[in-house]
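Heads up, the thing below is written out as structure tokens.
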Amino acid sequence: QVQLVESGGGLVQPGGSLRISCVASGTMFRFSSLGWYRQAPGKERELVASITSGGSTYYPDSVKGRFTISRANAIYTIYLRMNSLKPEDTGVYYCNTDTANWPWGQGTQVTVSS
């Protein structure tokens, strides 16, 4: 059973940067396409970045150019570097596969506010 543990969230001012991490136990990590999701208050969870096993990435227009996803297979970890943060980036951030078929972790809260 895969376990996901997200960390690194916090309070940041608009225009600031943050890097969040996710450690995923389980042997299928290096073969899986992985993603970061965001759930803003009162909204559905949405995919904000994904990365294939080969390193190809996808970003929706709302974060393109500001967010960067990366992975370190040897330590079962994926990262999300977020620059030029905006208040609308506020939410709980989760990692999962790009089809969200693993059990969800607890997420990490990111708050962008002055």
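The values are calculated or read from the model by the stated rules, or taken from the named source; none is laboratory data. Computed from a prediction, not measured in an experiment: that's the story for all the values here. All Cβ positions, even for glycine, are placed from backbone atoms using ideal geometry, and neighbour counts span all protein chains on display. We work out accessible area using only protein heavy atoms, side chains counted, and drop any ligands, DNA or RNA first. Shrake-Rupley method; radii C 1.70, N 1.55, O 1.52, S 1.80 Å.
Take the conditions (1) in contact with a Ser or Thr (Cβ under 7 Å, 6 or more places away or on another chain); (2) open to solvent by 50 Å² or more (accessible area, probe 1.4 Å); (3) not charged (D, E, K, R); Gly54 misses just one of them, which is (1).
Here the condition is being charged (D, E, K, R), within 16 Å of Arg30 (Cβ to Cβ) and out of contact with any Asp or Glu (no Cβ under 8 Å at 6 or more places or on another chain); of Asp98, Asp89, it holds for Asp98 alone. Taking each residue of the stretch 91-114 that is among the charged types (D, E, K, R) and looking for partners that are not in a loop (DSSP other than H, G, I, E, B) with beta-carbon atoms closer than 6 Å, six or more apart or interchain, yields Asp98/Gly35; Asp98/Ser50. The C-beta contact set for the stretch 19-38 (first residue over 13 Å from Ser50 (Cα atoms) and open to solvent by 20 Å² or more (accessible area, probe 1.4 Å), second residue among the hydroxyl-bearing types (Ser, Thr, Tyr) and not in a strand (DSSP E or B), distance under 7 angstrom, 6+ apart or interchain) comprises Val23/Tyr76; Ser25/Tyr76; Arg30/Ser53; Phe31/Ser53.
Here's a check for you: in the stretch 90-99, which residue that is open to solvent by less than 10 Å² (accessible area, probe 1.4 Å) and in contact with a Pro (Cβ under 9 Å, 6 or more places away or on another chain) is nearest to Gly35 (Cα to Cα)? Checked the stretch 90-99; the qualifying residue nearest to Gly35 (Cα to Cα) is Asn96. Looking across Lys64, Lys86, Lys43, one residue alone is surrounded by 13 or more Cβ atoms within 10 Å (Cβ to Cβ) and closer than 25 Å to Ser114 by Cα. It is Lys86.
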